[in-house]
Amino acid sequence: MKRVTQKLATLALVAIVLPFAFGTANAGSFVPKMAGTWEIVGTPDPGGCGPSMPFTNVTNVTRDGQIMNVDPVLGASVGQAYKLGKKTYGVGFFGFINPAPGLTLRLEVQSTLKLINLGEVAGKFRSIITDPNGIIPECVYEGTIQGSRLVPMPY
């Protein structure tokens, strides 16, 4: 009987200590195939509240999924990429728009991209522009995205 009690105590101790030995779970991304710098061209669907002409951004994705997006008109945004399935990635980022003095709007971009090859992506996007003060109505527009990897060259 004493051996059974010792075994149960040992199992209980292992059950308590083992999770701490491996650390806490991490919800972070690991997207090495998407890592790099991309030129992204978005084409809004016609009739939306957003831009009517295609736009171009430069986006950098790190191996752990962090995103820095630069739009020549709107400025910089930050976000994350994560794997959804085989060659399919969720990509989202957040930023701010200042269309007039004293007016700041919040921008959220949601996208699903398919990695066509190591140098090309394509997919759909949704942009959501909101006014934190609730004065201007929300604007949601969608469209398609195509991207090409940019590879820095030495001089």
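The values are calculated or read from the model by the stated rules, or taken from the named source; none is laboratory data. Everything quoted here is computed from the prediction, not taken from an experiment. Glycine also receives a Cβ, built like all others from the backbone with ideal geometry; neighbour counts cover every protein chain displayed. The accessibility values were calculated without ligands, DNA or RNA, using every heavy atom of the protein model including side chains. Shrake-Rupley method; radii C 1.70, N 1.55, O 1.52, S 1.80 Å.
Under 5 Å between amide H atoms, partner at least 5 residues away or on a different chain: which partners does Val31 have, H built in plane at 1.01 Å?
Long-range HN contacts for Val31: Asp64, Gly65.
Taking every pair of Cα atoms in segment 46-91, average 1/r, invert it to obtain the Kirkwood radius, and report Rg/Rh to two decimals.
1.06
What is the spin-label model distance, in nm, from Glu120 to Thr37 if the labels are put 7 Å beyond Cα along the C-beta direction?
Here the answer is 2.2 nm between the modelled labels.
Could you work out how far apart the two model spin labels at Arg63 and Asn98 are, taking each label as a point 7 Å from the Cα in the direction of the beta carbon, and quote it in nm?
Between Arg63 and Asn98, the label points sit 3.7 nm apart.
Report, by chain and number, residues whose modeled amide H sits under 5 Å from the one on Ile116, excluding near sequence neighbours (fewer than 5 apart, same chain).
Excluding prolines and chain starts, which carry no amide H, the hits are Val121, Ala122.
By its C-alpha gyration tensor, with a ≥ b ≥ c as the square roots of the eigenvalues, how is segment 89-155 shaped: rounded for a/c under 1.5, else prolate for a/b larger than b/c, else oblate?
Taking the square roots of the gyration eigenvalues as a ≥ b ≥ c, segment 89-155 is oblate.
What's the carbon and sulfur percent of segment 37-99's accessible surface, probe 1.4 angstrom, rounded to a whole number?
Values: 2220 of 3600 Å².
Answer for segment 37-99 is 62 percent, counting heavy atoms of protein chains only.
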